[in-house]
Amino acid sequence: MAAEYDEHWAYGPDYIAWMSGRIAETLRLTPTDRIADVGAGTGLFARGVAGQLRPHRPILCIDPSEAMLRQLGTPPSSGLTPVVASAEDITEGRTRLPYRRLDAMWLKESVHHLADPGRTLKGLVGQLAPGGRLLVVLLPASIRYPLFEAALTRFEELQPDPAHMVEHLRTAGLEVHLTHVEHELRIDRDRYFGMVRARYMSLLSTFSDSEIEKGIEEMCATHPEPVLVFPDRFAFVLGQHRKESA
């Protein structure tokens, strides 16, 4: 999965640049910030942010998968530093970060992996410097992807509610703002079906091979067009410390 991750997540070169730019803009990142990508995977978006920002210090890419982090490239030339750890490892003190405090961090579609998101997000907030910002990027409660019906239904059953993320960050003491951004995706139909077979979304791992193939048959009938066009909409939950707070 690690070897194929970038291929399945990079809908196109403009998508990576677009999402990286939205993350950097929303967090108001500056080159002097101490930054972390929590649940970074292969560093797909951290690499994009680093390329746009040229940070003075490497962006910390935190992920429990060493195989994923091996895709980062060789530090420090990549502008990224791997940290093999889960978000819980950081918040419970099992792993210490190279920076004593962080000015900004983001979690891009990784919050659904947290067993106790309220507790873990509160712990991550404790890693922030005065004025620090934390951004949770996640899909909304429902999506308009060209998936089969059972997958869309299961997504709604499993997907965390962005409103709950707002409450978690407020409870942790941050000022919180919720916004939505949208990007139109255009992707070759056969390529997208291949991504579904590879279970590019974690919810697809809950289906067997035969269920996936049956779902793709349904998708073929519903979407005969050679190029799929659909909106990718995200909730951006931004929390920030007041500078006078710790």
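The values are calculated or read from the model by the stated rules, or taken from the named source; none is laboratory data. None of the values given here were measured: they were computed from a predicted structure. All Cβ positions, even for glycine, are placed from backbone atoms using ideal geometry, and neighbour counts span all protein chains on display. We work out accessible area using only protein heavy atoms, side chains counted, and drop any ligands, DNA or RNA first. Shrake-Rupley method; radii C 1.70, N 1.55, O 1.52, S 1.80 Å.
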### Query
Considering only DSSP states other than H, G, I, E and B, which GluC sites (Glu not before Pro) in the stretch 214-244 qualify as loop sites with at most 11 other Cβ atoms within 10 Å?
E244
#### Entry: Point-charge dipole on Cβ atoms (K/R +1, D/E -1) for the stretch 178-246, about Cα centre, debye to 20
400
### Size of charge dipole - the chain - debye, nearest 20, with Cβ of Lys, Arg +1 and Asp, Glu -1, no other charges
1260
### Task
Please report, in whole Å, how far the alpha carbons of the chain spread along each principal axis, starting with the longest.
57, 38, 31
### Query
On full extension of the chain, what length is gained from S210 through R54, given 0.36 nm per residue of separation minus the C-alpha to C-alpha distance?
51.6 nm
### Summary
A correct Stokes-Einstein calculation for the stretch 92-233, using the alpha-carbon Kirkwood radius, 25 °C and 0.890 mPa s, returns a whole-number D in µm² s⁻¹ of 142
### Task
State the answer as a single residue: which of S65, L174, L185 lies farthest towards the positive end of the charge dipole of the chain, with beta carbon charges of +1 for Lys and Arg and -1 for Asp and Glu, about the Cα centre.
L174
### Task
State in Å² the accessible area per residue of the stretch 34-178; use a 1.4 Å probe, count heavy atoms of protein chains only, and round to the nearest integer.
44
### Message
Given a Förster distance of 25 Å, report the FRET efficiency between A150 and F230 from their Cβ-Cβ distance, rounded to the nearest 0.05.
### Response
0.90
### Message
Using a 7 Å offset from the Cα along the Cα-to-Cβ direction at both T171 and E66, what is the distance between the two label points in nm, to one decimal?
### Response
3.5
